[in-house]
Every structure is written in structure tokens, then in C-alpha cells.
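The values are calculated or read from the model by the stated rules, or taken from the named source; none is laboratory data. Since the model is a prediction, treat every value here as computed from it, not as a measurement. Glycine also receives a Cβ, built like all others from the backbone with ideal geometry; neighbour counts cover every protein chain displayed. Just so you know, the surface numbers come from the protein's heavy atoms only, side chains and all, with ligands and any DNA or RNA stripped out. Shrake-Rupley method; radii C 1.70, N 1.55, O 1.52, S 1.80 Å.
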Amino acid sequence: MATIITTNPDPHYNRLEEAKKLDETKTGVKGLVDSGITIIPRIFHNPPQNQPIRIFKAQNPKLSLPIVDLSGHRSMVVDQIHHAASTFGFFQIMNHGIPKSSMDHMLSSIKSFHELPETTKMQYYSRDTSHGVTYFTNFDLYKCKEANWRDSLEVHLGPTPLEREYVPEVCREALVEWDGRVVKLGEELMGMLCEGLGVEKERLKKMSFFDKRNMSGHYYPYCPQPELTMGLKWHTDPVVLTVLLVNEVTGLQVKHCEDWIDVEPVPGGLIVNIGDMLQMISNDEYKSVEHRVLANPNRKPRVSVPVFFTSSMIEDSYEPLLELVSSEKPAVYQKFTISDFMNKFYSEELQGKSVMNTYKHSNI
């Protein structure tokens, strides 16, 4: 077992200054790796009680995520998805209709962007989201206690039409193609999730729960001290549904009961997980569960491309579906708006389920 490394409090350490220094390089975590560092900056250090210790190697290696073959009989597929969504909150899907060539193209394009020459890539570095395309390290860099060992390209895909000229050319074609394919898949998945709840197939679609889409192209480079930091701290997704494409480098872990499950990507498969908002409107039937990514100890980078689905009707009020509320199972959550939910989410550092819990009725 690796030794937990502690650091003595330093009254002269200025975290904000270190965050600004990292941000102003405009080269992110990969820039640190390319510089040849062997000791990671203090801003990435987790406190001793949270250090991963290679860690969090999953406590129960016999557990694995459910795998659903979408080519099966629809009623059977609906049952399998319902079971996975209400127990694990995560599942992998096969035979989903997206060619492996398209998946490989998307992954290689995101990898190519993050491995562009620094002088080329720096022009995209920004925390300004007004054009719908941004490249940065750690969206919560100035709020979090410890930074994550990853960089990200973020693209808003809808409902406002994508301004293609702002998308880096190296991944523009692949990104537009991927959006077209994944939106069809997302609609199909939401239909089956509705059927599993016993509500109208089009219910989530009518609530505009797939027209707003954000895509991330995450890059987790080699970390020389993975025992000290995380690729991404534990959290839940503040959306309706996430469809995730990953390369073969592992690191994603999902919490199930008190165990952390190592996710072994199925070749040709995609990973799907329930978001906070779907747990809330399903009245806790479906589960949005904590997940995290370990810092990458491999020389080969981990690349992931999640697409997050939510509603564009950010000022509308949402609550548990009336069909799922009864005297035996009263509403768990109060009404909420997406704008209020997201404002709370972005006001805190990325960790845990605190936002969803703020909407629970006090007697629950």
C-alpha cells in the first residue's frame, strides 16, 4: 500500500496566487507534464484523509456495471435499463447504433486538440463561455480546495446553434457528427427510461429534457504523483442524463452502496448515467450516484467525452412526476428551476450531492 504523504501547514502559502499562476500559463495540466515536472504543485494535493492511495482500488472487484444490449427485445431492454438506473445509476450499452469508427474519430480528435502545440492551443484558453466553446483547466479552479489533474474543452451544442467557427478545426468535423448521433441516442434512451417508470414515452421529450446539450472533451495526462491527487473528485452530474464515450485507459469509478466500482470500458460500448434532475423528477426511482476519476499513472492519456442532457427551459418549475407520487410514496423533492439548481452547483466546488439534497422536503 502506498504511503499517505502529508504536508505541514505553511502560513506563507497563497492558494489564490498559485491558481492564478496556473491559469495564466494557458497550458493547463498538460503544460505542467510537458515541462517535465516530477513533483506536482501543492494546489493539486488532497488532504491526507482524501488522498487516493491508488486507492481507491475498488473495494469489491467482483462488482461491475450492468451491460445492456440495445438490440434485444424492447420490453427486455426497458426492464434492464430500469433495473440498472434504479440500482447502480450507471450502465454500459452495446449495439447502440453509433459506428465504432465514429467513436474512434471523436476520441482521436479530442486527443489531437489537447496535444496541439502550446502556442496554437493557448488561443482557445478562456473562462468566457459567451461563444459556447472554451478550453481550460478546472472550471472551479478558483473555488475548489484542491484542483483536479485534467484539462477540458467545453462546447455548448444546443439549443442555440453551435458557432462552428469557434470550434477548433482539429475536432470540428468529428464534434458536429458526434452531436448528430448522440442526440438521437439520447432521445431513444430517455424514451426507454420513461417506459421503465410507467409514464408516456415522450414525457421527458415534452419537458425539453434533451434539447440542451453540453459536451466536454476531457484529457487526463500522466500524473507523476497520482497518490496525492485526483483526476476528478467525487460528484454527481447536475443534469438529466449523461452519455459518456471513453478510450481504453481506465480510471473512472462509480460508488455503489459503500463500494467503489472500477469501470472497465466495453469495446464499442458507451457509458450512461442518471443525473440529479432525473433522480428528482423520478421521485428517487432512478439514482444519480457519486463517481470520480483517479489521477492517471499511465503514460498514455485518458480521454473522455461526456454529453450532458438537460432542459433549455431553465426558468420553468420542475418537481417529481405526479404519476410517481402517492400517499405511500410522497414527493421527496420540492419544486426547483434549472437556473436556481445550476447557480447553486457552480457556487460550490465540485464534490458530493449537496445541491440535490437542498431541495429535499424537510420531513424526508
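Miscellaneous remarks
- All positions within segment 135-171 that are under 23 Å from Ser102 (Cα atoms) and β-branched (Val, Ile, Thr): Val155, Val167, Val170
- Scope segment 106-148; condition among the aromatic types (Phe, Trp, Tyr), open to solvent by 10 Å² or more (accessible area, probe 1.4 Å) and under 21 Å from Tyr222 (Cα atoms); matching residues: Tyr125, Phe136, Phe139
- Against the conditions (1) among the hydrophobic types (A, V, I, L, M, F, W, C); (2) out of contact with any Pro (no Cβ under 9 Å at 6 or more places or on another chain); (3) over 24 Å from Glu315 (Cα atoms), Cys223 satisfies every one except (2).
- Of all the numbered requirements in (1) assigned to a helix (DSSP H, G or I); (2) open to solvent by 40 Å² or more (accessible area, probe 1.4 Å); (3) not hydroxyl-bearing (Ser, Thr, Tyr), Gly97 misses one, and that requirement is (1).
- Of residues in segment 198-231 being surrounded by fewer than 22 Cβ atoms within 10 Å (Cβ to Cβ) and in a helix (DSSP H, G or I), the one nearest to the chain's Cα centre (by Cα): Lys205
- Residue in segment 36-71 that is nearest to Leu232 (Cα to Cα), counting only those that are open to solvent by less than 50 Å² (accessible area, probe 1.4 Å), outside any loop (DSSP other than H, G, I, E, B) and at pLDDT 95 or above: Phe44
- Phe113 being among the aromatic types (Phe, Trp, Tyr) and either at pLDDT 95 or above or out of contact with any Leu (no Cβ under 8 Å at 6 or more places or on another chain) (or both): yes
- Elements of the type helices (runs of 4 or more DSSP H) sitting completely within segment 251-364 and holding at least 3 residues that are open to solvent by 20 Å² or more (accessible area, probe 1.4 Å): these cover 338-347.
- Count of segment 83-94 residues which are outside any helix (DSSP H, G or I), among the hydrophobic types (A, V, I, L, M, F, W, C) and open to solvent by less than 10 Å² (accessible area, probe 1.4 Å): 3
- Within segment 235-266, the only residue that satisfies the criterion of being closer than 11 Å to Val303 by Cα and among the acidic types (Asp, Glu) is Glu248.
- So Glu187, is it farther than 26 Å from Glu248 by Cβ, free of Cβ contacts under 8 Å to residues at least 60 places away in the same chain and either open to solvent by 50 Å² or more (accessible area, probe 1.4 Å) or in contact with a His (Cβ under 9 Å, 6 or more places away or on another chain) (or both): yes
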